[in-house]
Amino acid sequence: MKLDHIFGKLWDIYTSHNPAVQQVHDLFIKEGERVVNDHIAFRTYDDPRIGIDVLARPFLANGYVEKGQYNFEEKKLFARHYEHKTDPEAPRVFISELLTKNFSNFLQETIRRITGQIPLSDIKSDELIYAGRTWEKPSFEVYNKLKEESEYAAWVYVFGFCANHFTVSVNYLKKHNSVEKVNSLLKSNGFLINDAGGEIKGTPQELLEQSSIRAGIVRIDFTEGYFEIPGCYYEFARRYPDENGQIYSGFIAKSADKIFESTNFYKKES
């Protein structure tokens, strides 16, 4: 599979999980901006059949290499990020996995049960990256019980394999060339900003600033009926040069920790 096909498929599924994403993208285009993706992020569990190394396969086959590793102690996650060897505008790929051994027996048993249902053909396929939920229809009761321990675990349980978020590179924006200006534009057009840890995560001194809109609320068919839950969100990142003049290309764990909370449940305004 070629990268254009992979990213196109991911985008189509992603926007179906939050229609506001396309609206934000179109707003930037209307403002005369060129939208370049800083990174695309994925979530999974630490089962070796579906872990980071497995989801990274189609990207490694298309010129990506690993560039960094990250530990999230509070969220109990491990992550790696990858970059393309030759294309500076190719989005970074950020893949995290939940360290399930650090959770209750209920969570571990639930994850073992659903991952045991994934067809071997899906596990072996590079299309796993956008295969969605490849196990039983989710239970709203189980979703809520997982959410009490880990919102991340509950989100993957419902949505499966897909992009959790895309990220606009603020560095390529001309008129809205700061995270403050991006947030102001979004708020003035009715989009909700994730304010966990402040609307802007990170500082110029840390070489990375990030913000995000709240995940869109989507209607999901559970075994008990239809319920509305948070889906996917859109992120915005501005990177700064280090003391050698090189643009910082990694991630800051404490900032990403709060960005993860963009999929936390919130009341949808009427």
- Query: Glu73 versus Lys2, label points 7 Å from Cα toward the beta carbon: distance in nm?
  - Reply: 4.7
- Task: Output ³J(HN,Hα) for the range 231-248: one whole-Hz value per residue in order, computed from phi by the Karplus curve 6.51 cos²θ - 1.76 cosθ + 1.60 with θ = phi - 60°, and x for Gly and Pro.
- Result: x, 10, 9, 10, 10, 9, 9, 10, 10, 10, x, 7, 5, 9, x, 8, 5, 4
- Within the range 148-162, find all residues whose amide N lies under 20 Å from a label point positioned 7 Å from the Cα of Glu228 along Cα-to-beta-carbon. 155, 158-159
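With 30 Å as the limit, write out which pairs from Lys67/Lys137; Lys9/Lys30; Lys147/Lys187; Lys76/Lys201; Lys9/Lys101; Lys2/Lys181 have Cα-Cα distances beyond it, or answer none.
On the way: Lys67/Lys137 36 Å; Lys9/Lys30 24 Å; Lys147/Lys187 28 Å; Lys76/Lys201 20 Å; Lys9/Lys101 32 Å; Lys2/Lys181 35 Å.
With Cα atoms farther than 30 Å apart: Lys67/Lys137; Lys9/Lys101; Lys2/Lys181.
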- Message: Counting C-alpha atoms alone, how compact is the range 89-196: give Rg to one decimal and Dmax as a whole number, in angstrom.
- Response: 18.0, 51
- Item | Within the chain: Cβ-based charge dipole about Cα centre, in debye rounded to nearest 20 (Lys, Arg +1; Asp, Glu -1) | 220
- Task: Restricting to the chain, compute how many DSSP beta bridges are antiparallel as a %, nearest 5.
- Result: 75
- Query: Which one of Val35, Val24, Tyr70 is farthest out on the positive end of the charge dipole of the range 23-87, using unit charges on Cβ (Lys, Arg +1; Asp, Glu -1) and the Cα centre as origin?
  - Reply: Tyr70
- Message: With the alpha-carbon atoms as the only input, what is the per residue convex hull volume for the range 129-171 in Å³?
- Response: 84
- What label, among (1) 22.9, 74; (2) 17.9, 57; (3) 17.3, 51, belongs to Rg and Dmax of the Cα atoms in Å computed from the structure on display? (2)
- Query: In percent, how large is the relative contact order of the chain, given Cα pairs closer than 8 Å and 6 or more residues apart?
  - Reply: 21
- Message: Using only the alpha-carbon atoms, what does the range 23-119 span along each of its principal axes? Please give whole angstrom values in decreasing order.
- Response: 51, 31, 30
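Based only on the alpha carbon positions, what is the Kirkwood hydrodynamic radius of the range 5-69, in angstrom? Don't skip to the end; give the middle numbers.
Details: mean 1/r = 0.0706 Å⁻¹.
Result for the range 5-69 stands at 14.2 Å.
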- Query: Near the amide H of Ser139, under 5 Å away, which other amide H atoms are found, from residues 5 or more places off or on another chain, if H is placed in the peptide plane?
  - Reply: Thr223
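Using a Förster radius of 45 Å, what is the FRET efficiency between Lys174 and Glu141 based on their Cβ-Cβ separation? Nearest 0.05, please.
Details: r = 49 Å, r/R0 = 1.09.
That pair, Lys174 with Glu141, gives E of 0.40.
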- Note on the structure: For the range 151-190, the Kirkwood Rh over every pair of distinct alpha carbons, in Å, works out to 12.5
- Once the dipole of the chain is set up from charges on Cβ (+1 Lys and Arg, -1 Asp and Glu), the residue from the list Thr110, Thr86, Ser150 lying farthest towards its positive end is Thr86
- Distance-filtered residues of the range 45-85 - backbone nitrogen under 13 Å, label point 7 angstrom along Lys101 Cα→Cβ: 46-48
- Note on the structure: For the range 150-245, whose charge dipole is built from +1 on Lys and Arg Cβ atoms and -1 on Asp and Glu Cβ atoms, the candidate among His176, Gly190, Ile200 with its Cα farthest towards the positive end is His176
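Every number here is computed from the coordinates shown, using simple stated rules; none is lab data. Treat the numbers as computed from the prediction; the structure is a model and nothing was measured. Positions of Cβ are generated from backbone atoms using ideal geometry, with glycine treated the same way; all protein chains shown enter the neighbour counts.
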